[in-house]
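Quick notes on the structure that follows.
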Amino acid sequence: MIPELGHFALILAAVVALIQGVLPLAGTVRENLAWQALARPSAALQFGLVAVAFACLTSSFLANDFSVSYVAQHSNTLLPKPYQVAAVWGGHEGSLLLWVLLLALWSVSVALFSRSLPLAMVARVLSVLGLISTGFLAFILTTSNPFERLLPAAPEGRDLNPLLQDPGLVIHPPMLYMGYVGMSVAFAFAISALLSGRLDAAWARWSRPWTVIAWTFLTFGIGLGSWWAYYELGWGGWWFWDPVENASLMPWLVGTALIHSLMVTEKRGSFKAWTVLLAIAAFSLSLLGTFLVRSGVLTSVHAFASDPSRGIFILIFLALVVGSSLTLFAWRAPQVTLGGSMGLLSRESLLLSNSVILVVATAAVLLGTIYPLIIDALNLGKLSVGPPYFNLVFAPLMVPLLFIMIPGTVAHWREARLSDIVRELRVVGLLALALALLLPFAMGAWSLGVVLGLFLGLWIALGTLQQVLFRVRKPGRIGASFWGMHLAHFGMAVLVIGITGVKSYEVERDVRMGLGEQVTIAPYSFKLVGLQEVKGPNYNAVRGEFDVFKDGQFLEKMYPEKRRYFSSAMPMTEAAIDSGFMRDLYVSLGESLGGTPAQWSVRVYYKPFVPWLWAGVLLMVAGGLLAALDRRYRRAVNKAAQPA
Amino acid sequence: MKKFLIPLALFLGLVVFLAVGLKRDPREIPSPLIDKPAPAFSLPTLDGNKAFGPEDLKGKVWMLNVWATWCVACREEHPVLVAFAQKNAVPIVGLSYKEIQPQDEQGGKLADDAKLKLARERSVVWLQRHGNPYSTTVMDLDGRVGINYGVYGVPETYVIDRQGIIRYKRVGVVTPQLLADKILPLIRSLETS
């Protein structure tokens, strides 16, 4: 009964979404205020209906209702309760339902927090969101219904993929999807502005906080995914350049360009067409990511073969949404007025360079991601593009990007003088350079790569600190967005230093170990002192016990595990990680190599600076939140709304 | 007006590729080498004891699987091969293809013997992690053997009969379905013929 209720709610939601997508928009064309006024209540109603459907699916999971095919495939009576909830988005159908739920949540938030916007604008924005939602709901209902019954019911569920049974994975998809879906709001604002023909500073001001929040969620989601890969996959890597990761990185790169470009559009009225294009691109890449991941064309060929209708549906939807927006863009953008003039060297020109580099980097990642597909389509075989390509292409692009971050915050609008910028930044630059040249000696090995990475990180960190100090000394209230920007930039510096450190100084040992043996990565040594069988709720595991010594002094114990889940044959690695301020120690059990006494392959890593990666991401997230919550936006919105 | 159409044009090009990519199943490409003798080679093995060549398996039906540790698709294919190897149907020979890529940070500039050592280390570690389905693994560092076999991309799989003739070639990931429907029946018929 409950699954049918959920299914019914979902059908109603699709109807409401269609109404929300069509009537308010038609209302703006025919200047029918009553139709426009439908936007807000229909967004709220749609959210309510999708939430009911989502709650129904969740309750089916909690009730172990294995007569629902999706539940039977992704849950199990032994699965701990929190994971039964997380299993709702553990598969294709449920994750799409989560997508739609979050889209409805964003829509209803726009409806609630847009009191000061002109009604026609709200109607257009919510209509665009309604149309997107209609597409996704139609997709779920026609090809991916999570409420489909399995008759006769399965006696026991197949269990959630053990890889996903992890606290990190419980919150990773919702955060990432919040970011993906949030880009739809920036997109909807851009489309509305194009439709209304009023591409002005007010539009940029309205969409800025929404875009920054979406960017913040996306940052957090990607960070969580990376963190999860690091401690759950057991290889000690935190970024693999695989298609799913790239699918999330691309909207992030364009989103980063977008939040900077929106600032220029708001402050100076420039780059309007470019900013709109970025907004369209950011959401298009979110959709493309969904297509790549959900159609299975890249990650797993068999997933697609099982249901070709899914891939075709998303592709048609993608073509409709992106194609029509780009057509609208090509039609309307030529009428956009140019903004204020800008000098060859100015804050505008530096921010434009930032945008261009980010877009080029996105194109490089996109090319690497779909290259196998293109080769495939041209009948040249099936291959995979590995990390070497991405590292080779991506890193050189990041160097100028990171370098201009600081001049970009120092330069004056309109016309900047190189001599002014040099005077302001020369001390910081020289200090960063000196430290970058000297610090590697203290860390053990000197190389050009380390110096470059450290210089860029220190340059951003010191440049940011200097500007904060200058600003604090001056009188006047400092807005939250000022702190937000510099916090996020500082986070980037921490991240860059972290990546440099871990890339250059990590030590990896793969060894064969028996009880009582030890392996040393100076100054740490790891001694295998015990191997026990332990039982979990839905798995058995072997737990290794390691004594860790630093310079011969006992430091701590570490307990990596090798788990075997009842439901699947794949053994899972639970690495033991000890995090310090400057480094992680990482021990994971490989395979049992047999023998008496038992021998195991063991991976021991010394990973300096890994905690800096997470710290950098968290600082960026904090910066994004601060910037989005700036009171200025709410006041500015009020002011802008008065003449309308 | 024209320049504003560029994004649309680029996107439409992308859609065409995506659409073709969706429709196509180019994982089985007719190879000119089918029904031709498997090119001979003599390559160092992973464990380094001796060289290996196709003639060592003459009289047996066997599979040649081209892989590398940098190949993401291989990671996906690997469990399928490991499960298949446990059935002991035929020997599977691994061909480690261009393990050290020219742009490799660590190994790109090494001398040949140091490259081989690094490639062996990486391959051993990778096989320890993911399981080893291969009866033998040979190291094709410079990719010359791969060229002789017409390797398009990694992974690839070949079935070679008792007379040393290539009977089947698969470009891309081998799936359990493909093994059951195509490869295994082929092997059976080759073994009885």
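Bear in mind these aren't lab numbers, they're just calculated from the coordinates by the rules spelled out. These numbers come from a predicted model, not from an experiment. Reconstructed Cβ throughout: ideal geometry from the backbone, glycine too, with neighbour counts over all protein chains shown.
Roughly how many whole Å is it from the C-alpha centroid of the range B:60-77 to that of the range A:455-518? Spelled out, the Cα-based centre of one part sits 40 Å from the other.
Spacing of the modelled spin labels on A:R477 and B:A180, each 7 Å from Cα toward Cβ, amounts to 6.9 nm.
With 19 Å as the limit, write out which pairs from A:K81/A:K562; A:K557/A:K607; B:K60/B:K98; B:K36/B:K58 have Cα-Cα distances beyond it, or answer none. Where the Cα-Cα span goes over 19 Å, the pairs concerned are A:K81/A:K562; B:K60/B:K98. In terms of other Cβ atoms within 10 Å, B:E55, A:E415, A:E591, A:E93 run from fewest to most in the order B:E55, A:E415, A:E591, A:E93.
FRET efficiency for the A:E148 to B:S189 pair, using the beta carbon distance and R₀ = 35 Å, is estimated at 0.30.
Residues within the reach of a label modelled at A:M582 (point 7 angstrom out along Cα to beta-carbon, backbone nitrogen below 17 Å), restricted to the range A:495-527, are A:497-507, A:521-525. Per residue, the Cα convex hull of the range A:507-611 amounts to 105 Å³.
Quick one: A:I213, A:I577, A:I314, A:I11, fewest Cβ neighbours within 10 Å first, how do they rank?
On the way: A:I213 22, A:I577 18, A:I314 26, A:I11 14.
Ordered by Cβ neighbours within 10 Å, fewest first: A:I11, A:I577, A:I213, A:I314.
For the protein assembly as shown, the list of Cys residues with no other Cys C-beta under 4.7 Å reads A:C56. Here's how it looks for A:L593: its modeled amide H is under 5 Å from those of A:Q599, A:W600, A:S601, which are all 5 or more places away or on a different chain. In angstrom, the C-alpha Rg and Dmax of the protein assembly as shown are 28.5, 92. In order along the range A:545-556, the Karplus-derived 3J(HN,Hα) couplings, from 6.51 cos²θ - 1.76 cosθ + 1.60 at θ = phi - 60°, round to 10, 10, 9, 10, 10, 10, 6, x, 8, 5, 10, 5 Hz, and Gly and Pro are given as x.
Could you work out the mean count of beta carbons from other protein chains within 10 Å of each residue's beta carbon in B:67-77? Mind showing how you got there, number by number?
Numbers: counts 0, 2, 1, 6, 4, 12, 9, 1, 3, 5, 0.
Average neighbour count from other chains, rounded to a whole number: 4.
Taking 7 Å steps out from each Cα toward its Cβ at A:L448 and B:A83 produces label points 4.9 nm apart.
Length gained on full extension, A:Y371 to A:Q335, computed as 0.36 nm times the residue gap minus the Cα-Cα distance: 9.4 nm.
In cubic angstrom, how much convex hull volume per residue do the alpha carbon atoms of the range A:396-530 span? Don't skip to the end; give the middle numbers.
Details: hull volume 23.0 nm³, N = 135.
Each residue corresponds to 170 Å³ of Cα convex hull volume.
Counting Cα-Cα pairs of chain B in 10 Å increments starting at 0 gives whole-percent bin shares of 8, 33, 32, 16, 7, 3, 1. Between B:R162 and A:E533, the C-beta separation translates, for a Förster distance of 45 Å, into a calculated FRET efficiency of about 0.45. In a fully extended conformation the segment linking A:L418 and A:R509 would gain 27.9 nm over its present Cα-Cα distance, using 0.36 nm per residue.
For the range B:34-192, give me the percentage of DSSP beta bridges that are antiparallel, rounded to the nearest 5 percent.
Numbers: 14 of 24 bridges.
Percentage antiparallel, nearest 5: 60.
Under the 0.36 nm per residue contour assumption, what length would be gained going from the current alpha-carbon distance of A:S324 and A:I312 to full extension?
Numbers: separation 12, 0.36 × 12 = 4.32 nm, distance 1.77 nm.
Stretched out fully, the A:S324 to A:I312 stretch lengthens by 2.6 nm.
Let's test the formula: R0 of 25 Å, r as the Cβ-Cβ distance of A:S196 and A:A363. What FRET efficiency results, to the nearest 0.05? Working from the Cβ atoms, E equals 0.25. The range B:121-190 and the range A:43-112 have Cα centres lying 42 Å from one another.
For the range A:1-160, place one equal point scatterer on every Cα, skip the solvent, and apply the Debye formula. What is log10 of I(q)/I(0) at q = 0.10, 0.14, 0.15 Å⁻¹? Calculated log10 I(q)/I(0) at the listed q: -0.39, -0.67, -0.73.
Within 10 Å of each Cβ of A:315-321, how many other protein chain Cβ atoms are there on average? Mean partner shielding for this stretch: 3. 3J(HN,Hα) along the range A:36-50, derived from phi through the Karplus expression 6.51 cos²θ - 1.76 cosθ + 1.60 where θ = phi - 60°, amounts to 4, 5, 6, 4, 5, x, 6, 4, 5, 5, 4, 4, x, 5, 5 Hz, with x in place of Gly and Pro. By other beta-carbon atoms within 10 Å, ranking A:M485, A:M443 with the fewest at the front produces A:M443, A:M485.
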